[in-house]
Amino acid sequence: MSFDTRVGLALAVALPLQLLPWAQMTRHHAVLQWSALAIVAVLAIGWAARRFRLPPYVVLAAQLVAVAAATWAGVWLLHGREQVRRLPELPGQGLDFFRDSAAPLFPNPGASLLIVAGVALVAVLADWLAITWERPAWAIAPLVALHLVVALGLTTPTIFSEFVLLAAGIALVLAAASPWGANARPGRRATAWLVVLALTAGAIGLTWVTARFVPTFEPRSASEPLQMSDPSLDLKRNLVQGSDDVVIRYTTDSPGGTYLKLASLPALSAGGFALSDVRVATGRMPAPPGSPPGERRTTRIEVGEFASEWLPVPYAPTSFDAPGEWGFALDTLDVMAMAGPERGTATEGISYEVTSLEVRPDAATIGQAGSGGAPDRELTTSLPNDLPMRVRELAHEVTEAAPTPGAKAQALEAFLRSDRFTYSTAPSTGTGDGLATIDDFLFDSRTGYCEQYAGAMAIMARELGIPTRMAVGFVPGVQEGDAWAVTARDLHTWPELWLEGLGWVAFEPTPSRGDGAPGTGGAEAPPESAAPEPGVEEPTIDPTVPEEPEVPEPTATPVPPAQDVVTNLLPWLVVALVVGLLGLSALLAPRVLRARRRTQRLAGTGDARVDTLSAWEEVREVVGDLRLSWPDGSPRFAAERLVPSLGGDERAAEALRGLAAASERALFDRSENYDLPGTWADEVAAVTAALTAQARAQAQSHQRRNARPRRAARS
């Protein structure tokens, strides 16, 4: 196997290996898969171009065209045709996205363009250094560059397995470039292994030092897990026994006030919704999940006698400035106290400012939304095996007429806000959102408070395949002049459902607070027939709930379980197949055309003079294919100059001289009595084989000379 083939295959494995840790940097894993394909395409085109002995600048041009094509196709396949039309705007959008976001990144067209193009260009650089310049050790730099993206970009320390991937990639490339095989002496093989190990160790050491001493955004307490309390545990006690004293005051430029979220509860068991393990970061917050469109809002908050390790913030926060040490969950954007003996009372008596993204879709937009692309979909759609069958059946009955996940969510919300259910915090009502409590609420007592309403909607939404989590926080409270006042009785819980293009959408299935206290959307409890939609990402007072549909009463008739919505991959597969075939055709077209010309020249036309000159032209093109110089002068002079390139093959030399003499006569003897044969296929085949064998032998000899260690001159 030739040097460029070995090293090219090694790079095709080593470079994609460095993308595996990138899965921690972005939730959009499809862009990493496409980037790996782009690496392979760039290296394959470089290999094919060298097979045809094209000049290095032509190889580079072909690879750059491949980078552009892979980037264009990636944006189209990953984000749709509309984004392709905006291609000139995407680099700037991607840079803004990177500047305003932190890992893990959510899907973004501009970011995808920059990632695919950047990774593909790194592959071009690695190919150029290792193969074109024949300096495989220099290819360590591109590998290290891909590794450092994770080492410097994550807020968590680099783990051992990531160093293993880097070491494996470096060792693979260096081993592929070393002199192996029968031609390599044992001493040289041992030396090569020592060089591989030394360079690999050196590169790993340099990378470790760089990752250790270059500043990152790693939180100081990232090495120790945080034990967080569930803020929903005392929810009913606060609703029933909480005082009317104001615990939070805030001002905001969001009309109608804003919900203040404490925490997300995505995990579900038979006992109800609960916290899950999350990765915590500090520094710049990432963009809201789903990258929905919205308006920036600023909220200034003063906390009184409310002690918590969770910071009340509007969803979705993009930045905050609060005294103390605070971090945020990368998955949920919940803000939590990071350190200190008084972490459980970190909110008490502090003032801070939050910038958030407010998204307010109308009912029609929600009704048309799907539920694809959710982060942590497995966690937010899982259901306990012991969920009562009648709860499952009810979810399908209520949403039978709804065509989309968004419309199904609206149908569930309207059903729970109907007069079939009664809001009450009486001691006789259940507590929490466990499966038994929700089953009793839906079919027996039909009486409960926010935990039952929200829990029922969340569980039924999961049954329909819609990613769902519970949120705990405060309703907007009561407006007092320019400020809003929130009491302990305003503690609340609501479901958040993932809708494609909108992110986490907060719904409000709880119809009223019963005793006239501030409702879920404003200062007064709304009428039950006009449920206010709390908005997307950040609950609001805008009513977006559609008119209540006619919903049948629960029956015992079994309803088939919901079928998961399967993304139609057929168009993507067809496009990928077409692109692959076009790429393969582009690679094979020169070889196919060359073979066709050879066949036509040697097939014979019946005219001996024409056939002889065609055979001579074929020899001339073979010389060009092998990147040899064609001698000037007559055919016989050219033949004598080419004989040394035949490697001492006497049969081929005789064939070449005979064809040259016939060609010279065909050119200069214009008489009618040209009596030489016109069939020269065997002679051309012999000359071609000898020229090719000698060219390969010279290339291998040149490679061995370059690989031989040079001795220092003695003084």
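Any read-out appearing in this document is the output of simple, stated calculations on the displayed coordinates, not a laboratory observation. The structure displayed is predicted, hence computed values, not measured ones. Heads up, the Cβs are rebuilt from the backbone with ideal geometry, glycines too, and the neighbour counts pull from every protein chain shown.
For Leu105, the residues whose modelled amide H falls within less than 5 Å of its own, excluding neighbours fewer than 5 places apart on the same chain, are Thr26, Arg27. Considering only beta bridges that DSSP places wholly inside the stretch 235-506, some 95 percent are antiparallel.
Over all other residues within a Cβ to Cβ distance under 15 Å of Gly604, the charged ones net out to -2, with Lys and Arg as +1 and Asp and Glu as -1. When the Cα convex hull of the stretch 235-506 is projected onto planes of every orientation, the mean area is 14.1 nm². Close amide-amide hydrogen proximity is noted between Asp334 and Ala329, each under 5 Å apart and 5 or more residues distant or on a separate chain (H modeled in the peptide plane; Pro and chain starts excluded).
Summing Lys, Arg as +1 and Asp, Glu as -1, what charge do residues with Cβ under 13 Å from the Cβ of Ser663 carry, Ser663 excluded? Write down the numbers at each step before the final one.
Values: positive: Arg601, Arg609, Arg620, Arg636, Arg657, Arg665; negative: Asp611, Glu617, Glu618, Glu664, Asp669, Glu683.
Around Ser663, the charge tally is 0.
Database remark: amide H of Glu348 closer than 5 angstrom to the amide H of Ser308 (H placed geometrically; neighbours at sequence offset of 5 or more, or on other chains; Pro and chain starts carry no H).
Among His492, His79, His147, a tally of other beta-carbon atoms within 10 Å of each Cβ gives an order, fewest to most, of His79, His147, His492.
Output the peptides 84-96, 684-696 sorted from most to least packed, where packing is the average of other Cβ atoms within 10 Å over each peptide's residues.
On the way: 84-96: 14.0, 684-696: 18.7.
Sorting 84-96, 684-696 by mean packing, highest first, produces 684-696, 84-96.
Could you rank the peptides 261-270, 598-607 by their average count of other C-beta atoms within 10 Å per residue, with the highest value first?
Working: 261-270: 21.9, 598-607: 14.0.
Peptide ranking by packing, descending: 261-270, 598-607.
Computed over neighbours whose Cβ is under 15 Å from that of Glu353, the net charge equals +1, Lys and Arg +1, Asp and Glu -1.
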